[in-house]
Amino acid sequence: MKPGRFTYHAPRELGEALELLQEFGDDAKVLAGGQSLMPMLNFRLARVDHLIDINRLGGHLGEPRFDAGTITIPALVRQRQLERSEEAARVLPVLTEALRQVAHPQIRNRGTICGSLAHADPAAELPSVLSVLDATFTLVSARGTRTVAAADFFLFHLTTVLEPDEILLEVSVRRPPPNQFSAFQEFATRRGDFALAGVAALCEVDGDGVVTECRIAAAGVAPVPQRLHAVEGLVTGSRLGETSASEIADAARAEVEPTTDIHASATYRSRLTGVLVNRALVDIRTKQEAAHA
Amino acid sequence: MTTMIGTSVPRREDERLLTGRGRYLDDLDLPDALAAAFLRSSNAHARILRIDLSAAKELPGVIAVFSGADLAEIQKPLAPKVLHPQLKDFPRLPMPPEELHYVGEPVAVVIAETRYIAEDALELIDVDYEVLPAVASTAAALEPDGPLAHSDAESNVAVLLTQSAGNTAEALRTAPNRLSEEFFVMRGGGHSMEPRAVAARYEPATGQLTIWDTTQSPHYARQQLSVIYEMAEDDIRVIAPPDVGGGFGPKAQFYGEEVVIPWVAKKLRRPVKWVEDRQENFVSAMMERSQTHRIEVGFDDDGMLLAVKDVIEHDQGAYCAGLQVPSITTATVPGPYRIPNIEIELRACYTNMVPTSSVRGAGRPQAVFAMERMMDRVAEHLGLDPAEVRFRNLIQADEFPYKVGITFRDGSPLTYDSGDFPRLLEGTLDRLGYAEARAEQAKLRAEGRYIGIGIAAYVEGCGLGPYEGAKVRLTNTGRVLVTLAAAGQGQGYETVYAQIASDGLGIAMDHIDVLTGDTSRIPFGQGTFASRITATAGPAVLDAAQQMRVRLVDTAANLLGCDPAEVGFTGDRACLNGDLEKSLSLLEIARVANIGKHGITLPVGISAGLETSSYFAPERAAYASGAHAAMVEVDPETGGIEILKYVIGHDCGNVINPKLVDGQVLGGFAHGLGNAMYEEAAYDAEGQPQATSYLDYSLVSAAEVPNVELFHIHSPSPLNPLGVKGAGEGGTIPAPATIANAVEDALRPLGARVNRAPVTPARIVEAIHGDEQALAEVRGS
Amino acid sequence: MPDVDTGHRITGTVNGAAYDEVVDDRMTLADFLREKLRLTGTHLGCEHGVCGACTVIVDGAASRSCLMLAVQADGTAIETVEGLAEDGELNRLQAAFKKNHALQCGFCTSGFLMSVTAAMREGAIRDEGHAREVLSGNICRCTGYTGLVKAVLEAGE
Amino acid sequence: MLIENSFDVDADPDRVFAFLQDAHNVAACFPGAELTEDLGDDSYRGKVKIKVGPVTAAYTGVAEVVERDAVKRVAVLRAIGKDAKGAGTAKATAMMRVTAIPGGSSVSLSTDLTISGKLAQFGRGIMADVSGRMVGELATKARELIEEGEPGVAAPAAVAVEASPLKATGLLRTVLSGFFKRLIGRLRKTRQAG
């Protein structure tokens, strides 16, 4: 289990990194935290001629920015760093909740937020969370910069809209309004394992407790983090708890079509998604009630 | 001096292991050693049509590449360990040149400057395979016109055996109540944290091969190699390194890699090292467990067992490494119960999956699963308490030695030597707070919560023959050296056998060293498996140490001019009536009796060469026993199981080091919990393994293992002078049955059945909803 | 035999001692420690980041040395199991492992020690649940974790 | 692993069958596939490159039309290949059946895919999704080409369609097609009879 041969590059400037990516394109791969890529290289499932290590690109990519309107997580922010950030816990609690369930601290110490997103494992926690946060992904290449909405970023297992010469420079989220409540629920066989299914959910509630905006995404049940639009529709426009749990579960089950594998059948995963959606909504309601108490 | 046996002496091994100074095989300094990597079959059943090594050989850094055909001289069968006259055996070759029978079977070996380069070269080997139909379950293997695991076979059956006592058919026919069920226990692996490894160096000057091997059985490996290489045993030295990172059974087997690596080192006249990586471990280290039991029990209205019939389909894997596992299974079914009529039918068959052999528990967890699940069903059928049904059927403490009526793996009539099954079960239930737990269960059940209580009891044959030996020597530096053939994998042999030797010698442990696992230091041995070493090597060490004490005391008395009865040890000094002024150190004794003076006659009465040895051959297996009880809560929505309480009652006779025994039991329990809830070595229908990394195969972490209340009773074995029995597997054996019983009990209001281990969240939810369709979808079932 | 003609020169410290070595592009940090520096206390159990046997501390953070390249460690301060003992004596955590029989075969032990060492620096380990969480990123096949939990609670107060 | 799907196409059944029974066309539609040599007797040497994120495999082997019934409009194509880096083998048997429906044709594709080696040995059902998607793309592309109505696509001269592995850019385009979404919907209902 030793990685195949590659040439290692450790650019010091973003421009240099982008030039390398432009030069090597499909033959290159960006190395950030390496906690997903390195196992694949060790297994020789992934092959790469040029490894572009962006870890030396400098401090500004390693610090989250909590601006007035936007929270930005650049490419080198480690998962553990954000998990332990009090400010992040205050403004993006759902991200903190989810981060605690990503593998183990030793992995999160090196693993980055953007790296997990760019790796795009649909069973991972972060893609679904950033989906409900409606994040904006900033992609940069020597050709220029573009932004992509979360809904458009993920294409398939391990596949995103990132072109071979692009880096996911940062991901940004609008600062949530005070009436926004969120939850992350997942069920894994064993601590730190990939979840059999996971659900990230977020609701905005008006003064009467009526949900004005709802976004729910499921992990591990499709080749991409899957927004559950039908459930969102059911929840929006009424108070939390008004729609019956069984109705919500049925809607969620109907919306996902997972794949059967050795860990669980598709039927189980569909059922589980329904259960987790309800649990997430109960959690949100509890938080909302606590806020208004 | 206080006795050391029975004392929780801190381990001697710990200091080096805690400071990173352990010496595992891959840590050994072997100057100029080359790295080896194996190309392994990617097909479950295939024929090699053509193999082209040329590109691999040309890669810079590659020293040599060999296919199986290139090493024709060593392609001789690796013999099964436990045979049977009716066994249909297929030769397991070290690196088959023609037909391959499982994914992971060695096809070629690359020897290179580094492992990195060796793995690069594997990618350059070009093989054309003819892919043949594969067999990936016992059900498929026993299908009348199904594919054959070996193309030249007439069927996939390895052996069909029946063991019986009484008249089971008649007893079942006339029994007032009869229940039958089918149970399945999934494949699982040993998963020692250190995978297998072999290194070898050939000395052309002496013609000797030195082999470092993570084996549990160095003498067995040497004997096998001697036959295959046609070399004298004395020219082959097999050393299990001082530290081996866990064994659990798979390292007790003998593999093709152990044949290929030393041979290649000899051919190349260069040291060669192969360290199995985890990916290889998943597809080539032997596994165990997969069995289907169709069990039928007959019982009266009081729940007294009248007859048990169990038909067992055992997955032998691609080859028969021996019938040890299924033969242990058949003997373990009866357990601690009086069963007047019993019939056990074994159908062992070949499949195109990694061969199976013992993994911690070795055939017992499956038997206990079938029997103990049925005990619960009997209770359910009669509306009785499952504990009560068990108590009514237990063999009583005054019935030992108890003859079950069938034979054990060692060939002797299955005869339990000692135990107190009622006390063990009672103690276990008391500690669980059984009555309160049932009350709590009823209360919470009324609140809509799913609480279950599970119990399982077992009897474990251990301490098997044929023999194990020990040598005790006074070294010329004045220390006592105990040498064992057995090789340890973390059990603490350096500590435990120094404790026993200390008592035998009457000399403090500080002056005693223990060496293990080196064939050049002791001529005969068997190895560490089947929880046998304490009960076999233990008595040998005690005897050799006692002999040595006599020799030392006689020598000292002679030199001190006194009666041997007047000599005792203080520290390393043999003293006349405890007087340090009139004493001799061990070094001084060694100078006289061992070192001597060239050409000078020994003093009168001194016998030269202070070395003793002893081999202990038990008359038959000893039987440890135990009972587990668990209280769990099941979340019927997710299928999640929370273990609220877990109690283990354990009886392995006398114990040498209580803390280490606890460690064995608790470690075994974690393994059993893995089999109960997590570990599945799944294959698809084509024989492709589906769990080949720890992302897909879940080993329990500290977060999954609950706190366990462990207690012991001690029923000494009359079969050895220490009164000991094995302790390494008892924690594992009943765990799958206990958890399954508890889960089914929790789900009783829903009528869900748990007929399979492990019981996973998905299967629980499917059982609740009766999703037959979904069940069928999950592969590997 | 090096992979390519040009390796990467890397410098840094391991357990406070400076090193200056040339490594191949693809050599993992674990192999570097074991093969180049001959610090064989760091073990490889799975090489895909799950078992934790290879855990070392890189600039204060517990990390899997099988999932890092040696060249990435350039300029860092690395701590391994070999650096834990103080003046030749087992440190508090090591002593607690020994006292509580927190190890059997010892292969996973180094990784546990490094993970727990890093966790203890972040704050006290107060209760069993916390201890189990801290331990859950490493796998032990021998002990069943009971001794490990006790050791961590004893040392981590 | 059995992957079944079907699609309707606005074209005459015989023309659809003529298109599909030609290995060149199938290769041109299959993501990442390329025929490299005509071995005669409806047998071809070719390669298929699979790329899922950083995971790649490149199978080379032989594809042949093993059965063809122009009357029933059934053709069976079999392809066997092995990974260039020794990571395993792939074998696919695809049965295509074209039936007439009002206004056009219905094509049913039944593909029995067996993959061995590393790619096949990961328990999370990624390969099932990948295989399903590849066959789905084949169907999409075939429909596109047939409906474009260029009989020329069936000519051997047009074989030199550049092989593009399954990857982001190709997918993005197909993902946007409503038809593809419906197709994926059907694919997900596929039972994994593996």
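Readers should treat all values here as calculations from the given coordinates under stated rules, not as data from a laboratory. None of the values given here were measured: they were computed from a predicted structure. For neighbour counting, all protein chains shown are included, and Cβ atoms are generated from backbone atoms with ideal geometry for every residue, glycine included.
One table, with the values for the structure above:
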| read-out | value |
| --- | --- |
| Computed E for B:Glu619/A:Ser246 - FRET, C-beta separation, R0 51 angstrom, nearest 0.05 | 0.20 |
| Neighbour net charge for B:Leu747 - beta-carbon separation under 13 angstrom, K R +1, D E -1 | -3 |
| Dipole magnitude of the range B:36-138 about its Cα centre (Cβ charges: Lys, Arg +1; Asp, Glu -1), debye to nearest 20 | 540 |
| Exposure proxy ranking, count of Cβ atoms within 10 Å, fewest first, for C:Glu82, B:Glu343, D:Glu144, C:Glu89 | C:Glu89, D:Glu144, C:Glu82, B:Glu343 |
| Model label zone, B:Ser54; criterion: amide N under 13 Å from point 7 Å along Cα-to-beta-carbon; scope the range B:117-160 | B:126 |
| Cα Rg, Dmax, the range B:468-616, angstrom units | 15.6, 50 |
| Euclidean distance between Cα centres, the range B:685-746 to the range C:121-157, Å | 21 |
| Inter-probe distance in nm under a simple model that places probes 7 Å from Cα toward Cβ, at B:Asp301 and C:Glu157 | 6.2 |
| For C:20-33, mean number of other protein chain Cβ atoms within 10 Å | 3 |
| Order of B:Glu619, D:Glu64 - criterion: other Cβ atoms within 10 Å of each residue's Cβ, fewest first | B:Glu619, D:Glu64 |
| Peptide ranges A:34-45, B:367-378, B:158-169, B:592-603 listed from the most packed, as the mean C-beta count within 10 angstrom indicates | B:367-378, A:34-45, B:158-169, B:592-603 |
| Shape box of the protein assembly as shown [Cα atoms, principal axes, largest first, Å] | 113, 79, 73 |
| Isotropically averaged projected area of chain B, using the convex hull of Cα atoms (one quarter of hull area), nm² | 35.6 |
| Mean residue ellipticity (222 nm) of chain B, computed from DSSP H runs ≥ 4 via -39,500 (n - 2.57), nearest 500 | -8500 deg cm²/dmol |
| Peptide-level mean, for A:190-201, of C-beta atoms on other protein chains within 10 Å | 4 |
| Positive minus negative residues near B:Leu382 (Lys, Arg vs Asp, Glu; Cβ under 14 Å) | -3 |
| Order of B:Arg269, A:Arg174, A:Arg78, A:Arg5 - criterion: other Cβ atoms within 10 Å of each residue's Cβ, fewest first | B:Arg269, A:Arg174, A:Arg5, A:Arg78 |
| Total formal charge among the other residues, if their Cβ is under 11 angstrom from that of B:Asp510, Lys/Arg +1 and Asp/Glu -1 | 0 |
| Listed residues A:Ser265, A:Leu155, B:Met231: farthest to the positive end of the dipole of the protein assembly as shown (Cβ charges) | B:Met231 |
| Global size of the range C:92-155 as Cα Rg and Dmax, reported in angstrom | 10.2, 29 |
| If the convex hull is drawn through the Cα atoms of the range A:60-131, its volume per residue in Å³ | 81 |
| The range B:409-509: chymotrypsin sites (Phe, Trp or Tyr not before Pro) in DSSP coil with no more than 14 other Cβ atoms inside 10 Å | none |
| Inter-chain shielding of A:155-168 (mean C-beta neighbours from other protein chains, 10 Å cut-off) | 5 |
| Given charges at Cβ of Lys, Arg, Asp, Glu: chain C dipole, positive-most of C:His130, C:Cys66, C:Leu29 | C:His130 |
| Dipole of the range A:7-53, positive direction: furthest Cα of A:Gly33, A:Phe43, A:Tyr8, with charges on the beta-carbon | A:Phe43 |
